[in-house]
Each structure stands twice: as structure tokens, then as C-alpha cells.
Amino acid sequence: MEGKLKQLISDAESGIGLAIDSKELDKLKIEYIGKNGRLTALLKGLKDIPAQKRPVFGKLVNDARIKIEQFFSIKENQIKQREKQIRIQSETVDITLPGKKNKLGTMHPINIIKEQILDIFSGFGFKACDGPEIETDYYNFQALNIPVGHPARDMQDTFYITENILLRAHTSPTQVHVMEQEKPPIRILSYGKVYRSDDDATHSPMFHQIEGLAIDKKITLCDLKGLLDAFAKQMFSTKTKTRFRPSYFPFTEPSVEVDVSCAMCGGSGCRLCKGTGWIEILGAGMVNHRVLENCNIDTSRYSGFAFGLGIERITLIKYGIPDIRLLFENDTRFLKQFNKW
Ligand code: PHE
């Protein structure tokens, strides 16, 4: 019996000594001192021993248990220490590594130009107004003197939700809303997204417009010319010249298209202005009396002018960007070039 106990102790010592992690150690615990382990098996043999020898043998078994438990606790400590060290090593932070930089976003070039334009016109007393992008046929067309079936609707071919509800093709409907709600004098800029079924290098199905409207006593085409010339000089350069060409819009009469002298060549002709020296930037005119009447404005007392420009177009010209699609792809390598700050 004693021999068996000695054997058990030495087996346990060498087995525990070889264990490399807590999992293995747990297994050994079950094998040696578990309920059905080897020590318990020896204890069960106690009944076969003569009664007077039992206390001595019982003590030996107990001593063996204490010894084996000591082996376990020593090994457990060693393994815990090792595992802790391994964990610490794997969690080490290299404080000499360079920090991660958080990239800051930049203002989109369309927004930069939009802010500039709103800013210039606010200096002339124009108040910026927002309006709905989903409009009725009346506000997008009819109120602006474009009746149902009129061929001029082709100029603003948009996307229809129902026969009567559509995505606005220009920001002029906002001007109608304002004229219905406010009394002259009116000086507003309507701005925002507009939609047309167009898609190529210089047209996008969604783009941004800013339109101006001024209604007051004795407003003339000269006021419009003076304002737009002053705007062009602030927007591009003090040397910029403007040119007004007769045109047609159903909502203005007379109507004009406005060109600016090419910012790149100064008017001598280049790739940007296609050799003409001039670049068209907007449409404008005196508000058609029918539009004013539709909004209950007394045309015997008031007149007005309106103009409309595409923000993308001004952005392409101002920065010499060759393709409108670059403005919508959101490639940060492109966008970060316009960082104002
Ligand atoms: N609403 C016109 C368009 O989008 C632009 C414009 C506005 C032209 C005001 C003349 C006067 O095409």
C-alpha cells in the first residue's frame, strides 16, 4: 500500500511538472485527486486493511493528498504567472508608433461657390429662400407662363411622379410661392437642387440653381444689367466683362442670356471658351407681366427682373473643371483640392 502511495506521489509530481497550461492541469486534478481519481481509489482500499493499521494508513493518504495539492498549487501559480506574461506581451502598445490621423472633411466645391454667390447677392439686399423639390405642374410651369402642351416645356424636361406632380426643373417655383405670400418690394434668391432628364459631360440629371427675383416700382432692364455686371466682377475678376444677348424664356420678356469674358484667356480665345472669348453663365430677363398677374401683383405699379444660373456651371468655369461628373463622384482626392481652410 505504502509503495502504491509513493508511486502515486511521484507520478503526480512528474505529471504536474510537465503540464503547460491550466487546461492540462485541470485534467490532472481529475486524474489524481478527483472524485473518481487515483487517490480516492487507494482510499477505497482502506477497508481491506486491518483495523489497527487503518489510522496510520489514513494519515499517509492524507499527507499524500496535501503533498499533491501543494504540487498543484505551485504549478498553478507558475502557469498563472506565465499566462499573465504572455497576455501582457500580446497587449503591449508600441508608443513610438506614429499616431493615426483623423481626416477632416472639406466643403464641397458646389457649396463653396453657392456660398460665394449667395454672399455677393446678399450684399445687394437679396434674401435667400429655400423651397420644395417636389412641385406641382402649376408651380413649375403654368404659373410661369408655360401652359400644358407648350413646346417650351422641352427646355425643362423633368421627372414626373404623377401627371401633375414632378421634381422641379428650376428654382423659379419658389419665386412664385414668395410672390404669392409677400408684397413688393421683393428681393430674393431661390436656390437648391433641380432635376432634368439630361446626362453628359456638362449636364447632370440633378444639379443646383440659384435664381434671383427683384420686384419693385420702376425696375428696368438697366438695373438687371448693372447688377449682373457687378456680380460677374465680384465672382470672377474686376477685369471681367459681361455681354447680354437677346434670348427667349416664357417667364421673362424681354429675355437675355449673359456671357462673361473668358477668365482663362481674358477674351482672346482658348479651349475653355471654345475660341470665342466668351462663356455663357446665366439666363435672365424682365418678369413677364403674365407671371406677375398670376401672383396678383399689380403690373401698373410694379415690374421686376429675374435671373437664373446653374451653380455647377459657375463651379466648372471658376475652377477649370473639365467634366461635371467629377463634382458628383465624391472622390476625396478631387474634393480635397478645394479645401478653403
Ligand atoms: N428658370 C430658368 C431655367 O432654369 C432660368 C431663368 C430664370 C431664366 C430667370 C430667366 C430668368 O432655365
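Among what's in the range 156-175 and is in contact (Cβ under 8 Å) with a residue 12 or more places away in the chain and of a type in the set (S, T, Y), pick the residue that is nearest to the ligand (Cβ to nearest atom). Explain how you work it out, then say what you get.
Quick first cut of the range 156-175, residues in contact (Cβ under 8 Å) with a residue 12 or more places away in the chain only: 156-159, 161, 163-175.
If we keep only those that are of a type in the set (S, T, Y) too, we end up with 158, 171-172, 174.
Numbers: T158: 10, T171: 7, S172: 4, T174: 11 Å.
Applying the filter and picking the extreme gives S172.
With assigned to a strand (DSSP E or B) and of a type in the set (D, E) as the only criterion, which of E180, E135 stands out?
Values: E180 fails: assigned to a strand (DSSP E or B).
Residue meeting the stated conditions: E135.
Give just the number: which of (1) within 14 Å of the ligand (Cβ to nearest atom); (2) at pLDDT 95 or above; (3) farther than 19 Å from N145 by Cα does P185 not satisfy?
P185 satisfies all of (1) within 14 Å of the ligand (Cβ to nearest atom); (2) at pLDDT 95 or above; (3) farther than 19 Å from N145 by Cα except (1).
Show the residue pairs that are 6+ apart or on different chains and have beta-carbon atoms under 7 Å apart, the first residue being within the range 1-18 and assigned by TED's automatic domain parsing to the domain that holds K75, the second being buried (at least 17 other Cβ atoms within 10 Å of the Cβ) and among the basic types (K, R).
If the second residue must be buried (at least 17 other Cβ atoms within 10 Å of the Cβ) and among the basic types (K, R), the pairs left are L8/R38; I16/K75.
Taking the range 201-225 as the search range and keeping residues that are in a helix (DSSP H, G or I) and surrounded by 15 or more Cβ atoms within 10 Å (Cβ to Cβ), which one is farthest from the chain's Cα centre (by Cα)? Step through it out loud before you land on a result.
To start, the set of residues in the range 201-225 that are in a helix (DSSP H, G or I) comprises 221-225.
Narrowing further to those that are surrounded by 15 or more Cβ atoms within 10 Å (Cβ to Cβ): 221, 223-225.
Values: L221: 42, D223: 40, L224: 37, K225: 39 Å.
Step by step, filter the range 201-225, then rank; the result is L221.
Before we move on, is T136 modelled with pLDDT of 95 or more, more than 16 Å from the ligand (Cβ to nearest atom), surrounded by 14 or more Cβ atoms within 10 Å (Cβ to Cβ) and assigned by TED's automatic domain parsing to the domain that holds D198?
Numbers: modelled with pLDDT of 95 or more: yes; more than 16 Å from the ligand (Cβ to nearest atom): yes; surrounded by 14 or more Cβ atoms within 10 Å (Cβ to Cβ): yes; assigned by TED's automatic domain parsing to the domain that holds D198: yes.
Yes; evaluated as a whole, the condition is true for this residue.
I want to confirm something. Restricting to the range 35-45 and keeping residues that are of a type outside the set (S, T, N, Q) and more than 17 Å from S10 (Cα to Cα), which single residue is surrounded by the fewest Cβ atoms within 10 Å (Cβ to Cβ)?
Quick first cut of the range 35-45, residues of a type outside the set (S, T, N, Q) only: 35, 37-39, 41-45.
Filter once more, so that each one left must be more than 17 Å from S10 (Cα to Cα): 35, 43-45.
Working: K35: 6, L43: 16, K44: 9, G45: 12.
Ranking the candidates gives K35 first.
Taking D323, is it free of Cβ contacts under 8 Å to residues at least 40 places away in the same chain and of a type outside the set (V, I, T)?
Numbers: free of Cβ contacts under 8 Å to residues at least 40 places away in the same chain: no; of a type outside the set (V, I, T): yes.
Here the answer is no, as D323 does not meet what is asked.
Report, ordered by the first and then the second residue, all pairs with beta carbons closer than 6 Å, sequence separation of six or more or different chains, a first member in the range 225-236 that is under 22 Å from M286 (Cβ atoms), and a second member that is part of a helix (DSSP H, G or I) and at pLDDT 95 or above.
Within 6 Å, the pairs are F231/I120.
Yes/no matrix, rows are residues, columns are (1) touching a Pro at 6+ places or on another chain (Cβ under 8 Å); (2) basic (K, R); (3) in a helix (DSSP H, G or I):
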{"site": "K6", "(1), (2), (3)": "no, yes, yes"}
{"site": "I16", "(1), (2), (3)": "no, no, yes"}
{"site": "K23", "(1), (2), (3)": "no, yes, yes"}
{"site": "E31", "(1), (2), (3)": "no, no, yes"}
{"site": "K35", "(1), (2), (3)": "no, yes, no"}
{"site": "L39", "(1), (2), (3)": "no, no, yes"}
{"site": "L42", "(1), (2), (3)": "no, no, yes"}
{"site": "K59", "(1), (2), (3)": "no, yes, yes"}
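Look at R153 and say whether it is closer than 15 Å to G131 by Cα, within 12 Å of the ligand (Cβ to nearest atom) and of a type in the set (D, E, K, R). Can you show your working first?
Numbers: closer than 15 Å to G131 by Cα: no; within 12 Å of the ligand (Cβ to nearest atom): yes; of a type in the set (D, E, K, R): yes.
In short, no.
Would the range 205-214 turn up any residue that is closer than 19 Å to L118 by Cβ, within 16 Å of the ligand (Cβ to nearest atom), at pLDDT 95 or above and acidic (D, E)?
yes
The values are calculated or read from the model by the stated rules, or taken from the named source; none is laboratory data. None of the values given here were measured: they were computed from a predicted structure. Every residue, glycine among them, receives a Cβ derived from its backbone with ideal geometry; neighbour counts consider all protein chains shown.
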